[in-house]
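Following: one structure in structure tokens, then a few remarks.
The values are calculated or read from the model by the stated rules, or taken from the named source; none is laboratory data. Please read all numbers here as calculations on a predicted model, not as lab measurements. Neighbour counts are summed over all protein chains in view; Cβ atoms, including those assigned to glycine, are modelled from backbone coordinates with ideal geometry. Just the protein is used for accessible areas: all its heavy atoms, side chains included, with ligands, DNA and RNA removed. Shrake-Rupley method; radii C 1.70, N 1.55, O 1.52, S 1.80 Å.
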Amino acid sequence: MTADTTDSMELVRLATTGSVDDGKSTLIGRLLLDTKQIFADQLEAIEEASRQRGTDYVDLALLTDGLRAEREQGITIDVAYRYFATPKRSFILADTPGHIQYTRNMVTGASTADVALILIDVRNGVIEQTRRHSFIASLLEVPHLVVCVNKMDLVDYDQAAYDAVVDDFRDFAARLNIHDLRFVPVSALRGDNVVDQSDHMPWYQGPPVLRLLEEIHIASDRNLIDVRFPVQYVIRPHRMDHQDYRGYAGQVASGVLKVGDEVVVLPSGYESRIAAIDTYDGPISEAAPPMSVTIRLEDDLDVSRGDMLARPNNMPHNGQDLDVMVCWMSDERGLHERDKLAIKHTTNWGRVMVKDFHYRLDINTLHRDEDATGLALNEIGRMRLRATRPILFDEYRRNRATGSFILVDESTNDTVGAGMVLGPAT
Amino acid sequence: MSSAYTLSHLGALEAESIHVLREAVAESERPVLLFSGGKDSAVVLHLAVKAFHPARLPFPILHVDTGHNFPEVIEFRDRQVAHYDADLLVASVQDWIDEGRLVEERGRNASRNRLQIEPLVATIEEHEFDAVFGGARRDEEKARAKERVFSFRDEFSQWDPKAQRPELWDLYNARTRRGEHVRVFPISNWTEADVWGYIRDQQIELPSIYYAHPRRVFSRDGMWMAESDHIQMTGDEQVQERSVRFRTVGDMPVTGAFESTATTIDEIIEEVRVTRVTERGASRADDRMTEAAMEDRKKQGYF
């Protein structure tokens with residue numbers, strides 16, 4: 001490990017997607033190796049495995065093939081998390097497979113990501129899979145997209161080949177909602193522009209991948225405007241020294257809470273002021289996402305898990321009908337109109353019914369199939385959900401924390417769907 | 001810090017872990033914290049205390065005592081329990097062996113690692129625990145890299161890596177039916193360096209064996225093993241005194257020490273920084289036997 005655990009490091013969450021062939025595992029292996037996250041025993045193990053497989057170079061992809069089933073099939077079957085750090089930043093990387101049947105894993109990885117890394121084989125250019133990955137990153141509102149145009153060594157580091165891919169991608173991406181888009185020409189296998197600047201591509205003036213990841217500004221991606229504090233747990237110590245203590249524990253979803261601020265407790269609508277923001281290390285005067293804190297109010301109100309604190313002049317939607325996009329994640333059952341499901345949204349469980357199914361989206365062409373009546377595994381569609389009780393929500397594009405939800409099968413308890421709120425349904 | 005509202009990476013990891021702890025307690029009927037006495041479980045205990053402050057810990061602590069623990073670890077456990085006024089449950093492997101319910105492994109590599117599984121599962125069943133906290137980290141080992149923060153276990157406590165619940169945003173699904181439970185790993189996203197940095201920043205107490213100390217040891221398979229009644233030495237193994245410390249806490253017969261003079265947390269962090277071998281590769285004889293060792297044990301209900 002190269003990085004000291006100094007206080008100035010920032011935590012950044014990455015998601016990477018790519019196919020078996022476009023060199024994603026090699027890129028990750030390279031990032032881990034060159035930031036010295038790979039230990040001698042791990043390196044020896046993959047050197048041995050590479051020899052057994054008869055490859056003449058150390059197959060860095062073997063580093064990221066975790067489970068036995070994957071090694072046997074030679075593919076990655078699930079989301080795997082990797083960790084690496086530089087002196088500036090500490091990275092959590094959600095590594096997801098790229099083939100079509102695993103859209104759900106890609107959605108999972110993208111759900112928490114600050115930055116999505118997409119790999120393109122320069123010889124193949126923008127293919128169906130590239131479009132799918134980019135669409136998912138855009139649908140999940142990943143704030144930054146870094147496109148690695150890989151295998152530059154196989155086209156003799158030719159700038160024209162790179163430019164053609166970049167132009168193609170920009171044409172396609174214009175149809176998506178991507179806020180920040182970057183391109184880097186790389187050879188993951190040879191290490192060009194991964195950690196160190198490549199000598200082979202003097203025409204490329206930008207930073208290598210790792211430096212780009214260190215420099216992308218993510219602090220301002222958070223929503224610091226709309227105060228939303230979902231109450232997670234009520235702390236009542238029942239101890240002699242804290243007889244009357246009543247604190248509302250939770251993680252700040254968005255906005256900045258300050259001691260003395262007027263707040264409204266939803267759904268009851270009672271107003272009060274923040275008396276204190278407590279932590280184990282002592283009281284603080286302000287709290288912002290993603291801090292986990294405990295809030296005390298000036299008034300003795302009946303607040304419980306699932307309630308939300310907001311500002312009286314800035315409240316979330318409160319309604320039973322939601323216009324949503326859902327990614328279906330179950331191979332055991334599909335989604336159809338009239339289905340009833342459990343929903344978890346912020347710290348709240350409830351029940352919803354699929355009222356009107358609007359369309360299924362072809363994530364390769366973005367074509368809307370309005371004849372479809374439901375979703376199967378890995379399909380994405382738009383529909384209206386009707387909840388049994390009002391839900392406190394925001395549009396997902398404005399607030400990832402209060403605009404996202406999961407759907408759970410009520411008999412098996414499996415998580416079967418992931419959803420994003422587009423807005424109130426009319 | 002670039003802005004007053006920005007957390008350091010350890011601050012962000014802590015906030016996530018506290019969120020996970022609160023969520024699991026809010027969503028389960030009978031949570032419990034598995035405590036090995038190792039540094040990771042010490043960090044989880046510390047985070048749990050922070051999450052529910054100023055209330056007492058809202059769940060008991062469960063220790064699976066193999067009977068082959070380092071005495072320093074048992075002392076540490078009891079000190080922590082007393083300090084936090086926590087409830088302690090002990091599942092004793094020795095009791096199971098004495099009652100004839102488990103049979104001791106034999107031979108040079110005999111260990112009680114596998115024997116922990118049944119007493120652990122039986123205790124979870126007996127108390128009907130539906131959320132079981134553990135200190136596992138995803139950076140420890142390849143099979144763990146794919147495990148969820150809320151990891152579902154069926155009524156046989158088995159983990160099925162191919163049928164894991166999707167886990168999105170910070171919306172955890174802790175729902176279980178009777179007899180099932182979720183293992184919850186609040187420090188899934190921490191690395192070994194993060195754990196040490198946090199122990200330093202928060203001044204978290206650890207068992208003394210993490211720090212360099214003189215000990216009677218002998219060399220086996222490239223590791224220094226502690227002399228004890230629980231390990232059989234072969235004829236050519238020679239005991240000598242060395243300054244050593246342990247990088248993980250396990251059973252005496254399977255946990256190797258390495259030579260070190262690091263007696264302070266800063267010296268340990270420097271040692272971790274320059275080390276070139278993983279924790280488990282360096283000090284756990286049981287994990288070195290087969291590459292898929294961890295995957296097999298996890299499926300059976302081991303952490």
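With kT/(6 pi eta Rh) evaluated at 10 °C and eta = 1.306 mPa s, and Rh the Kirkwood radius from Cα pairs, the stretch B:101-160 diffuses with a coefficient of 115 µm²/s according to Stokes-Einstein. Here the label points at A:HIS336 and B:HIS83, each 7 Å from Cα along the C-beta direction, are separated by 5.8 nm in the simple model. Residue ranking by accessible heavy-atom surface, 1.4 Å probe, largest first, among A:THR16, B:THR275 comes out as B:THR275, A:THR16.
For chain B, what class follows from the C-alpha gyration tensor (a ≥ b ≥ c being the square roots of its eigenvalues): rounded when a/c is under 1.5, otherwise prolate if a/b is larger than b/c, else oblate? In terms of gyration-tensor shape, oblate.
Averaged over peptide B:186-196, the number of partner chain Cβ atoms lying within 10 Å of each residue's Cβ comes to 4. Which one of A:ASP153, A:ASP299, A:ASP192 has the biggest mean-square fluctuation once chain A is modelled by GNM with Cα springs under 10 Å? Maximum fluctuation in the GNM of chain A, among the listed residues, is at A:ASP299. Here is the list for the stretch A:120-203: trypsin sites (Lys or Arg not before Pro) lying in DSSP coil, each with at most 14 other C-beta atoms within 10 angstrom of its C-beta, are A:ARG123, A:ARG175.
Annotation note: chymotrypsin sites (Phe, Trp or Tyr not before Pro) in the stretch B:148-206 located in DSSP loop regions with a Cβ neighbour count of at most 14 within 10 Å are B:PHE156.
In the stretch B:59-114, a dipole from Cβ-located charges (positive for Lys and Arg, negative for Asp and Glu) runs towards its positive end, and of B:HIS83, B:ALA110, B:VAL93 it is B:ALA110 whose Cα lies farthest in that direction. Computed over the Cα atoms of the stretch A:257-334, the ratio of the radius of gyration to the Kirkwood radius (Rg/Rh) comes to 1.12. With R₀ fixed at 56 Å, the C-beta to C-beta distance from A:ARG123 to B:GLU267 puts the FRET efficiency at about 0.65. Taking the Cα centre of the protein assembly as shown as origin and assigning +1 to Lys and Arg Cβ atoms and -1 to Asp and Glu Cβ atoms, the resulting dipole is close to 1000 debye. Across peptide A:408-417, the average count of Cβ atoms from other chains found within 10 Å of a residue's Cβ is 4. Using a Förster radius of 45 Å, what is the FRET efficiency between A:HIS217 and B:GLU75 based on their Cβ-Cβ separation? Nearest 0.05, please. Step by step, r from the Cβ atoms, then E = 0.40. Within 10 Å of the Cβ of each residue in B:254-263, the mean number of Cβ atoms contributed by other protein chains is 0. Taking chain A as a Gaussian network, Cα atoms linked when under 10 Å apart, which of A:THR415, A:THR17, A:THR130 shows the biggest mean-square fluctuation? Its mean-square fluctuation being the largest, the pick is A:THR415.
Evaluated over the Cα positions of the stretch A:317-424, the convex hull gives a direction-averaged projected area, one quarter of its surface, of 6.3 nm². The DSSP beta bridges internal to chain A are antiparallel in roughly 75% of cases. Computed about its Cα centre, the charge dipole of chain B is approximately 600 debye, with only Lys, Arg, Asp and Glu carrying charge at their Cβ.
The P(r) of the protein assembly as shown has a tail past 50 Å containing 13 percent of all C-alpha pairs. Taking a sphere under 13 Å around the Cβ of B:LEU21 and counting the other residues whose Cβ falls inside, with K and R at +1 and D and E at -1, yields a net charge of -3.
Ranking A:LEU32, B:THR255, A:ALA173 by how far each Cα lies toward the positive end of the dipole of the protein assembly as shown (charges on Cβ) leaves A:ALA173 at the top.
Given springs between every Cα pair under 10 Å in a Gaussian network model of chain B, which of B:GLY256, B:GLY38, B:GLY67 has the largest fluctuation? Between B:GLY256, B:GLY38, B:GLY67, it is B:GLY67 that shows the largest mean-square fluctuation.
Of all DSSP-defined beta bridges confined to the protein assembly as shown, some 70% are antiparallel rather than parallel. The share of Cα pairs per 20 Å bin across chain A, counted from zero up to the longest distance, runs 24, 51, 24, 1 percent. 3J(HN,Hα) along the stretch B:253-264, derived from phi through the Karplus expression 6.51 cos²θ - 1.76 cosθ + 1.60 where θ = phi - 60°, amounts to x, 10, 10, x, 9, 9, 5, 7, 10, 6, 10, 10 Hz, with x in place of Gly and Pro. Here A:ARG368 and B:GLU155 are evaluated by their C-beta separation; at R0 = 41 Å the FRET efficiency comes out at 0.40. Net charge near A:ALA425: determine it from the other residues with C-beta under 9 Å of the C-beta of A:ALA425, scoring Lys and Arg +1 and Asp and Glu -1. Around A:ALA425, the surrounding residues sum to 0.
Only Lys, Arg, Asp and Glu carry charge here, each on its Cβ (+1 for the first two, -1 for the last two); on that basis the stretch A:317-424 has a dipole of about 480 debye about its Cα centre.
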